[in-house]
1. Being touching a residue at least 40 places away in the same chain (Cβ under 8 Å) and of a type in the set (Val, Ile, Thr) is the filter here, so list the residues in the stretch 204-230 that pass it.
2. Which residue pairs have Cβ atoms under 7 Å apart, sit 6 or more places apart or on different chains, and have a first residue in the stretch 27-44 that is open to solvent by 20 Å² or more (accessible area, probe 1.4 Å) and a second that is of a type in the set (Asp, Glu)?
3. Within the stretch 183-194, count every residue that is over 15 Å from Val128 (Cα atoms) and modelled with pLDDT of 95 or more.
4. Name the pairs: first residue in the stretch 76-92 and touching a residue at least 12 places away in the same chain (Cβ under 8 Å), second residue open to solvent by 50 Å² or more (accessible area, probe 1.4 Å), Cβ to Cβ under 7 Å, at least 6 apart or on different chains?
5. Would you list the helices (runs of 4 or more DSSP H) that sit entirely within the stretch 59-138 and hold 3 or more residues that are closer than 14 Å to Ile171 by Cβ and in contact with a strand residue (DSSP E or B) (Cβ under 7 Å, 6 or more places away or on another chain)?
6. Which pairs have Cβ atoms under 6 Å, sit 6 or more apart or on different chains, and link a residue in the stretch 164-192 that is over 27 Å from Pro151 (Cα atoms) and touching a residue at least 12 places away in the same chain (Cβ under 8 Å) to one that is part of a helix (DSSP H, G or I) and of a type in the set (S, T, N, Q)?
7. Search the stretch 89-110 for residues being within 21 Å of the chain's Cα centre (by Cα) and basic (Lys, Arg), and hand back the single one that is farthest from Lys157 (Cα to Cα).
Amino acid sequence: GHILDKFAKKMSKSLGNVINPFEMFDKHGADVLRWYLLTVSPIGTSKLFNEDELRDVRNKFFDTLINTYKFYVIYSELTGFKDDKANAVPVSERSEIDKWIISKLNSVKKEYTELMNYYDITRAARLVSDFTIDEVSNWYVRRNRKRFRNPENENDKNSAYQTLYTLLEDILKMVAPFSPFISDKLYMSLTDSDTSIHLTEFTPFDEASINEPLEKEMEAAQTIVYLVRS
């Protein structure tokens, strides 16, 4: 690493157009740099490196993912929620918005699996990023803030938190191949276990949980809200 760092600095000074990766690691983290290089353009194509875009990746995607995780941790502790898959509320008995986000999650996992099977990792990573920012953080969590803070009853509390736990767990597993360090740290903290995310099985998508009419209805609602805001 020390030799490569010296080489990168020398190349940067002599050519003027070489980015020292070790400086980027120190400033932004290896996971952020990896994600940026994977999502900025398809593998094998020329890349016009832009540090401002690298910062955007960190601010928009990674900060959103971390803040969603922190939101779950803070409020689950305040309300006394403990994840227990053995006694999980069936998805069919959860609220409509829970059913929708679970459907959307499985649709994303289905497309993600297809993209990864064809090694289209750029589109796969972008898919995960868009889902995390637009559907999970900007829509699902925002629509349910009051519900997480002051759930109507025990069933409502468990439904909301079990849904968010599932979202975080599956998103981290989709992030893991691209950004191995932050996904592992968050996963072990989320599951309160010493088992690395890289030693777990990737949960396959559940076709039965996908409700396309419900997804289209929610998409229409989102479009109306965004148009009114604009």
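1. Result: Ile210, single match.
2. Val40/Glu53
3. 7
4. The qualifying pairs are Val89/Asn155; Val91/Lys99.
5. Per the criteria, no element qualifies.
6. Val175/Ser183; Ala176/Ser183
7. So, considering only residues that are within 21 Å of the chain's Cα centre (by Cα) and basic (Lys, Arg), the one farthest from Lys157 (Cα to Cα) is Lys110.
Residues checked against (1) among the charged types (D, E, K, R); (2) open to solvent by less than 70 Å² (accessible area, probe 1.4 Å); (3) over 28 Å from Ser41 (Cβ atoms); (4) modelled with pLDDT under 95:
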{"site": "Phe148", "(1), (2), (3), (4)": "no, yes, yes, yes"}
{"site": "Ala176", "(1), (2), (3), (4)": "no, yes, no, no"}
{"site": "Ile197", "(1), (2), (3), (4)": "no, yes, no, no"}
{"site": "Glu215", "(1), (2), (3), (4)": "yes, yes, yes, no"}
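The values are calculated or read from the model by the stated rules, or taken from the named source; none is laboratory data. Computed from a prediction, not measured in an experiment: that's the story for all the values here. Positions of Cβ are backbone-derived with ideal geometry, glycine not excepted, and every protein chain shown enters the neighbour counts. Only protein heavy atoms, including side chains, enter the accessible area calculation; ligands, DNA and RNA are left aside. Shrake-Rupley method; radii C 1.70, N 1.55, O 1.52, S 1.80 Å.
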